[in-house]
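First, the structure itself, so that you have it in front of you.
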Amino acid sequence: MNYRHAYHAGNHADVLKHIVLARVIEHLKQKDAPFRFYDAHGGIGSYDLGGVEAEKTFEWRDGVGRLFSMDGAPLPFSEEVENLIAPWRNCVAAVNEAGALKRYPGSPEIVRLLLRPVDRLRLNELHPVDYETLLAAYAPDRRTAVSRLDALMFVKSQLPPPERRGLILVDPPYEKTNEGEHALRMLTEGLRRFATGVFLLWFPVTGDGLDRRILDAVRATPTKHLWVTLNVRKPRPDGGLAGSGVVVINPPWKLGDDLEILMPALAERLSQGEPRFEIKFAAP
Ligand SMILES: C[S@@+](CC[C@H](N)C(=O)[O-])C[C@H]1O[C@@H](n2cnc3c(N)ncnc32)[C@H](O)[C@@H]1O
């Protein structure tokens, strides 16, 4: 396990993933009944944008750094877009002191900040050092439990939630060649145990066709789903992350409308030349 999210935290892919994640959470909160959030690949929860890792790549500058100025002030979009990204913006503001953009919240922190006292978090991370960091930061929260399992084991052992309402984030590092297929297996196993769960899978767009394979695979399932990709530039043979996407299975019904408003604005703001987004919705 070589991947450390600290090198990439706050990049354009995190911005897309976390804005969609925050929208899903906000929609789930529309109903009073409690729900449970599962982070199968939790990372460490919160990241130092001035840390050694972040300063090796500066990826965040073309991500969160395009939505906030260095003094932590929002670089605003239209009012309509701002209303939709407000929950995510509030999370970024919450981990920073006023007047500075120095930290970026990961998915555990975003969800911890957005969940209600009745909701529950189950965080998982396999890397031994990152697991200890995650445990130290989140174990004190009475709503939260932290585990160190392989993500597939985590999904298999945790689902379904006792509340019968839940959101599962599958966010692997895609270090190995078969990791896309492995991630899809997590969805299949998860859906087998919890068919009504909301599943959010993140994937990279690098030009290797993984985005289309994921679309084909979810289309073959009898699920309602939303698939969205944002390419900030054309994929290049020298690699790098040209874009990313998320697929949401059993999406909250207004999420599609949110994406129609959000994606043109995000594509324009995060563009590194020839940005492109695609949204596909299917219902059986
Ligand atoms: C992309 S990062 C997660 C970022 C986090 N979800 C966020 O949005 O802030 C992927 C994480 O998965 C962990 N990981 C890699 N393989 C794993 C596995 N088989 N099971 C659980 N975690 C794994 C890595 O150590 C890394 O911290």
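Give me the 1.4 Å probe accessible area per residue for the chain, excluding ligands and nucleic acids, in Å².
Per residue, the chain has an accessible area of 44 Å².
Where nothing but the Cβ of Lys and Arg (+1) and of Asp and Glu (-1) is charged, how large is the charge dipole of the stretch 5-282 around its Cα centre, in debye to the nearest 20?
It comes to approximately 920 debye.
Set the Förster radius R0 to 30 Å, insert the Cβ-Cβ distance between Ala282 and Glu79 as r into 1/(1 + (r/R0)^6), and round the FRET efficiency to 0.05.
The formula returns an efficiency of 0.45 here.
May I pose another question? Round to a whole number: what % of the accessible area of the stretch 5-282 belongs to carbon and sulfur, probe 1.4 Å?
Its accessible area is 52 percent carbon and sulfur atoms.
Taking a spot 7 Å from the Cα of Gln272 along the direction of its beta carbon, which residues of the stretch 211-235 have an amide N less than 19 Å from it?
Label zone hits: 211, 229-235.
Enter the Cα centre distance for the pair the stretch 166-198 and the stretch 23-67, rounded to the nearest angstrom.
Taking the Cα centre of the stretch 23-67 as reference, the centre of the stretch 166-198 is 18 Å away.
Considering only Cα-Cα distances, which of the following residue pairs are longer than 26 Å: Lys56/Lys176; Lys56/Lys102; Lys31/Lys102; Lys176/Lys224; Lys56/Lys234?
Among Lys56/Lys176; Lys56/Lys102; Lys31/Lys102; Lys176/Lys224; Lys56/Lys234, the Cα-Cα distance tops 26 Å for Lys31/Lys102; Lys176/Lys224.
Is the chain best put as rounded, prolate or oblate by its Cα gyration tensor, with a ≥ b ≥ c the root eigenvalues, rounded for a/c under 1.5, and otherwise prolate when a/b is larger than b/c, oblate when not?
The shape class here is rounded.
Among Gly65, Ile19, Leu201, flag the residue with its Cα farthest along the positive direction of the charge dipole of the chain, charges on Cβ as +1 for Lys/Arg and -1 for Asp/Glu.
Leu201
Where does the charge balance sit around Arg192 when Lys and Arg score +1, Asp and Glu -1, over other residues with C-beta under 14 Å from its C-beta?
Once positives and negatives cancel, what remains is +2.
Let me know the longest stretch in the chain that avoids all GluC sites (Glu not before Pro) found in a DSSP loop with at most 11 other C-beta atoms within 10 Å.
Answer - 176-284.
A further question follows. By the scheme Lys and Arg +1, Asp and Glu -1, what is the net charge of all other residues having a beta-carbon under 11 Å from that of Gly106?
Combined, the nearby Lys, Arg, Asp and Glu give -3.
At q = 0.11, 0.13, 0.14, 0.15 Å⁻¹, what base-10 log of I(q)/I(0) does the Debye formula yield for the stretch 23-136 when every alpha carbon is treated as an equal point scatterer in vacuo?
Each listed q maps to, in turn, -0.41, -0.57, -0.66, -0.76.
Taking the Cβ of Asp141 as the centre, find all other residues whose Cβ is under 12 Å away and add up their charges (Lys, Arg: +1; Asp, Glu: -1).
+3
The values are calculated or read from the model by the stated rules, or taken from the named source; none is laboratory data. Since the model is a prediction, treat every value here as computed from it, not as a measurement. We place every Cβ from the backbone using ideal geometry, glycine too, and count neighbours over all the protein chains shown. The area values use the complete protein model at the heavy-atom level, side chains included, leaving out ligands, DNA and RNA. Shrake-Rupley method; radii C 1.70, N 1.55, O 1.52, S 1.80 Å.
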